[in-house]
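The values are calculated or read from the model by the stated rules, or taken from the named source; none is laboratory data. Note that the structure is predicted; figures quoted are calculated from it, not measured. Quick reminder, even Gly has a Cβ in these numbers, built from the backbone with ideal geometry, and neighbours come from all protein chains shown.
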Amino acid sequence: MIPFLSLKDITANYRNEIAEAVTRVVDSGWYLLGEEAKAFEWEYATYIGTKHCIGCGNGLDALTLILGAYKELGVMHDGDEIVVPANTYIATILAITENNLIPVLIEPRFETLEIDDRLIEKHITNRTKAIMIVHLYGRCAYTDTIGNLCRKYNLKLIEDNAQAHGCRFGTKHTGSLGDAAGHSFYPGKNLGALGDAGAVTTDDDELAACIRALANYGSSQKYVFDYCGRNSRLDEIQAAVLNVKLQHLDADNHKRQQIATLYYENILNPSVKLPIRLPNENNVYHLFPILCTKRDDLQRYLTNNGVQTLIHYPIPPHKQDCYSKRLGNLSLPITEQLAKQELSLPISPVISENEVMTVINIINLFK
Ligand SMILES: *Cc1c(COP(=O)(O)O)cnc(C)c1O
């Protein structure tokens with residue numbers, strides 16, 4: 001069986017460094033809000049290219065904290081609208097609705113699977129406060145059109161960078177392109193911890209201070225509470241693991257890019273479509289999505305031939321039961337079509353070229 005993703009092998013690559021880092025924390029007697037988290041925040045802010053990084057519990061919290069802080073600071077209010085791609089993981093949408101804000105779902109472009117920037121402007125109203133883009137599958141979703149719309153309508157630009165650590169737009173990393181970005185370090189992400197972890201990056205001093213307080217019960221001074229906050233902290237063991245893995249992120253992403261090149265150059269089956277590959281893009285291939293009208297047959301065929309695949313995502317957020325009342329009546333045909341056709345092939349820094357060529361040969365024989 002060629003697994004979709006072997007976290008065990010990814011961790012094994014850095015086992016000694018990770019074990020040393022974890023042991024250092026275990027022996028230190030200090031497990032929260034300490035030197036490891038501080039070091040990671042500094043390293044990651046430097047890597048992404050922002051003034052601030054605030055560690056937190058997970059990626060959903062990171063996004064929720066950004067919007068919560070904008071509400072505390074009076075930038076956003078209950079019922080304001082956030083423009084967001086319809087084709088995304090549910091966490092992006094949950095962060096919006098948890099804050100009593102309204103998600104305005106935008107269709108993707110079929111060729112890139114990312115938000116279609118041509119459709120955004122007509123959805124902007126006087127209640128729109130932000131565009132939240134999602135760099136889905138490791139591909140940069142930012143475009144100059146999106147940046148210009150934010151300036152024209154005075155909107156905040158928020159990035160969901162859960163799937164694109166290390167991706168760039170020109171020379172700038174995703175996570176530094178807008179006003180604030182949420183990052184997830186869920187184990188399967190390109191930069192993954194050994195448990196839950198997340199972070200916010202931003203250049204905005206006031207927003208950073210508010211988020212740091214909100215993530216720590218609303219407190220910036222012990223036992224003094226400025227806001228009704230939550231408990232969302234990056235723990236020292238996860239920070240220590242992330243400090244190790246951040247050093248290897250670019251090399252790991254480079255391996256993903258080499259795997260993607262093999263797929264692009266060798267998948268020749270006409271019933272399989274690959275998302276368009278642009279000349280200067282710096283996709284970090286968190287996932288390798290392909291499209292096939294006979295997707296379920298293809299998936300079954302690959303399983304029978306020893307190749308594990310996944311679907312991202314089989315049911316779009318607006319079709320989920322949890323949103324059926326609020327969003328269920330929306331017609332988003334491209335998003336719905338993607339949910340029927342998308343299939344993610346194995347890609348990771350630890351899959352071998354031989355395994356990838358095996359996957360390709362099997363796909364090319366699919367009828
Ligand atoms: C993983 C993911 C999240 C949420 O991250 P968690 O750490 O699991 O909370 C948010 N958005 C996207 C696009 C994701 O893929």
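Points to keep in mind about this one:
- Segment 345-367, subset assigned to a helix (DSSP H, G or I) and out of contact with any strand residue (DSSP E or B) (no Cβ under 7 Å at 6 or more places or on another chain), residue surrounded by the most Cβ atoms within 10 Å (Cβ to Cβ): 363
- All strands (runs of 3 or more DSSP E) inside segment 160-235 with 3 or more residues being under 27 Å from residue 22 (Cβ atoms): 180-184, 198-202
- Taking the criterion of being hydrophobic (A, V, I, L, M, F, W, C), more than 19 Å from residue 112 (Cβ to Cβ) and away from the ligand (no atom under 16 Å from the Cβ), the residues of segment 284-321 that qualify are 298, 302, 307.
- Which numbered condition residue 88 misses (of (1) closer than 24 Å to residue 205 by Cα; (2) buried (at least 24 other Cβ atoms within 10 Å of the Cβ); (3) of a type outside the set (Asp, Glu)): (1)
- Only one of the numbered conditions (1) of a type in the set (Ser, Thr, Tyr); (2) closer than 23 Å to residue 86 by Cα; (3) within 16 Å of the ligand (Cβ to nearest atom) is not met by residue 201, and that is (2).
- Residues in segment 45-67 that are surrounded by fewer than 24 Cβ atoms within 10 Å (Cβ to Cβ), more than 12 Å from the ligand (Cβ to nearest atom) and of a type outside the set (Val, Ile, Thr): 45, 47, 49, 51, 52.
- Residue list for segment 268-293, restricted to those being over 26 Å from the mean Cα position of the chain (by Cα) and either in a helix (DSSP H, G or I) or in contact (Cβ under 8 Å) with a residue 60 or more places away in the chain (or both): 268, 269, 271
- Condition met for residue 130 (crowded, with 21+ Cβ neighbours inside 10 Å, more than 30 Å from residue 39 (Cβ to Cβ) and either modelled with pLDDT of 95 or more or more than 16 Å from the ligand (Cβ to nearest atom) (or both)): yes
- In the set (1) away from the ligand (no atom under 16 Å from the Cβ); (2) in a loop (DSSP other than H, G, I, E, B); (3) of a type in the set (Gly, Ala, Ser), residue 141 fails one condition alone, (1).
- Within segment 129-187, being in contact with a strand residue (DSSP E or B) (Cβ under 8 Å, 6 or more places away or on another chain) and of a type in the set (Lys, Arg) holds for 129, 156, 168.
- From the list 148, 190, 154, the lone residue that is at pLDDT 95 or above, polar (S, T, N, Q) and in contact with a helix residue (DSSP H, G or I) (Cβ under 8 Å, 6 or more places away or on another chain) is 190.
- Checking residue 35 against (1) away from the ligand (no atom under 15 Å from the Cβ); (2) within 17 Å of the chain's Cα centre (by Cα), the condition it does not meet: (2)
- Failed item in (1) surrounded by fewer than 24 Cβ atoms within 10 Å (Cβ to Cβ); (2) assigned to a helix (DSSP H, G or I), with residue 112 passing the rest: (2)
- Residue, nearest to the ligand (Cβ to nearest atom), within segment 68-84, restricted to residues that are of a type outside the set (A, V, I, L, M, F, W, C) and closer than 16 Å to residue 182 by Cβ: 68
- In segment 7-32, residue farthest from the chain's Cα centre (by Cα) [restricted to those that are exposed (fewer than 15 other Cβ atoms within 10 Å of the Cβ) and assigned to a loop (DSSP other than H, G, I, E, B)]: 29
- Residue in segment 168-180 that is more than 16 Å from the ligand (Cβ to nearest atom), in contact with a Leu (Cβ under 9 Å, 6 or more places away or on another chain), within 18 Å of residue 249 (Cβ to Cβ) and touching a residue at least 24 places away in the same chain (Cβ under 8 Å) present: yes
- Some residue of segment 53-64 being farther than 16 Å from residue 197 by Cα and at pLDDT 95 or above: no
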